[in-house]
Structure formats: structure tokens, C-alpha cells
Amino acid sequence: MAEPGFAPERILAVLREHGVRYVLVGGFAAVIHGSPYVTTDLDVVPERSEENLRRLSEALRAMHARVWTEREPRGIRFEHDAASLARAETWNLVTDHGRLDLAFVPAGTRGYEDLVRDARRIEVLGVEVVVASLADVVRSKEAAGREKDRLVLPVLRRLLEEGGEDRRAGGPGRTHPPMEMEIR
């Protein structure tokens, strides 16, 4: 069986409905900042308090989250709560709405508190989202050193040099209102 279709707006809406505090990072954050590269998953850095992880666990249940593997793209069922989610640094999941990766300390960062400091609140696909700064997305992708990151880094660095972060993500140099993204 194939993986479910990617509906990022639904994942973001469920996280919001459950009051989960997180910072959006990775490829989707890069797209928000102007990257032309398509991504088919969301990467989030949850705040690690017990209460927030409890809300995250409830949101994951609402989306029928399962552990994603290449061999099992529909995912493997798993039981979770705040304590069990906190025991791993990374969770690669698939939900009813597509892929969702949780990373408590993405490469090159110190986690939520580090990333939220320079993050921006932006409306994305009709949902208010806290998005990592473009500089932080670049920093994390540089530290990860994966081939897919090396391919996109020149574009992200150019966007950063051109002030793309301010224009795209609602900063002082913004040339248009906060974006309503269409991703298919």
C-alpha cells in the first residue's frame, strides 16, 4: 500500500487544535522562505515540557500517527504518551495526512528554545505557524550534511543574502502580506 497523500494544512491544523507548541523547520520551512524545492513531509521541533508532549501525543493519536520506515511506508502502530515521546530524539512518522518528522534537537541547533528565539509567526495554508528563521534552517541543513541538504543550500544561502527571510516571512523588509501557500 502507498503512503497517505500529503496534506500539510491538516497536520498543522491538528497540532494547532491540540495546542502543541513547536517550531516548523526543514524543507517545508525552506519553502515558506522561498525555496523552490518541493517537500513531502513536515519537520517540527516540539517544546519538551511534559504538558506539551501530552498535547502532542493526543494530536498524534487524532492523526493516527504510526512509525514510518522505508519498508513500511504506511507505518507501524505504536503506543505513546508524553514520557515515551520524550525518550527518543527523533520520530519519523506517517499520519492520515502524510509524513511528520519530530526532532527535539535538529542538527546544528539546541532545540526548541534555540529555534523559537528567532522564529516568526506566519499564516501558512490558513493556519498560524511558528516557522524557524531562514538562518536557522540554513544552519541546521549545513550541520546535517546530507546530500539532499547540500543540493538546496546554495539556493537557501542566496535567499538569505537577498533578504528573502524578511520579505517572505513577514519581517521588516516584507514586500507583500504574509503568504498563503499552495502546495500540491
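The values are calculated or read from the model by the stated rules, or taken from the named source; none is laboratory data. Since this is a predicted model, take the numbers as computed values, not measurements. No Cβ is skipped: glycine too gets one built from the backbone with ideal geometry, and neighbour counts run over all protein chains shown.
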### Task
May I ask you to verify whether Ala135 is loosely packed, with under 15 Cβ neighbours inside 10 Å, of a type in the set (A, V, I, L, M) and touching a residue at least 12 places away in the same chain (Cβ under 8 Å)?
yes
### Summary
Selection over segment 93-124 where residues are in a strand (DSSP E or B) and out of contact with any Leu (no Cβ under 8 Å at 6 or more places or on another chain) yields a count of 5
### Message
Is it the case, given these coordinates, that Ala88 is free of Cβ contacts under 8 Å to residues at least 60 places away in the same chain, surrounded by 15 or more Cβ atoms within 10 Å (Cβ to Cβ) and under 13 Å from Asp101 (Cβ atoms)?
### Response
no
#### Entry: Out of Leu24, Leu93, sole residue that is of a type in the set (A, V, I, L, M, F, W, C) and in contact (Cβ under 8 Å) with a residue 60 or more places away in the chain
Leu24
### Message
Condition (residue is at pLDDT below 95, surrounded by 16 or more Cβ atoms within 10 Å (Cβ to Cβ) and not in a helix (DSSP H, G or I)) applied to segment 170-177: is it met by at least one residue?
### Response
yes
### Task
Output the residue which, of all residues in segment 60-78 that are of a type in the set (A, V, I, L, M) and touching a residue at least 24 places away in the same chain (Cβ under 8 Å), is nearest to Ala88 (Cα to Cα).
Val67
### Query
Is it the case that segment 26-37 has a residue that's over 29 Å from Leu153 (Cβ atoms), at pLDDT below 95 and not aliphatic (A, V, I, L, M)?
no
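Does segment 39-47 contain any residue that is under 29 Å from Glu161 (Cα atoms), surrounded by fewer than 16 Cβ atoms within 10 Å (Cβ to Cβ) and of a type in the set (Val, Ile, Thr)?
yes
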### Summary
Across (1) exposed (fewer than 15 other Cβ atoms within 10 Å of the Cβ); (2) outside any helix (DSSP H, G or I), Val129 clears everything bar (1)
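What helices (runs of 4 or more DSSP H) completely inside segment 1-84 contain at least 2 residues that are closer than 25 Å to Ala135 by Cα?
Details: elements: 8-17, 26-32, 50-62.
Passing ranges, in order: 8-17, 26-32.
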### Query
So which pairs qualify, if the first residue must be in segment 46-59 and in contact (Cβ under 8 Å) with a residue 60 or more places away in the chain, the second must be part of a helix (DSSP H, G or I), the Cβ gap must be under 6 Å, and the two must be at least 6 apart or on different chains?
Pro46/Leu56; Glu47/Tyr112
### Query
Are any residues in segment 62-78 loosely packed, with under 14 Cβ neighbours inside 10 Å and closer than 19 Å to Phe104 by Cβ, and if so, which ones?
Phe78
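Could you list, in sequence order, all residues of segment 84-105 that are of a type in the set (Lys, Arg) and touching a Pro at 6+ places or on another chain (Cβ under 9 Å)?
Let us first name the residues in segment 84-105 that are of a type in the set (Lys, Arg), namely 87, 99.
Scanning segment 84-105 gives a single hit, Arg99.
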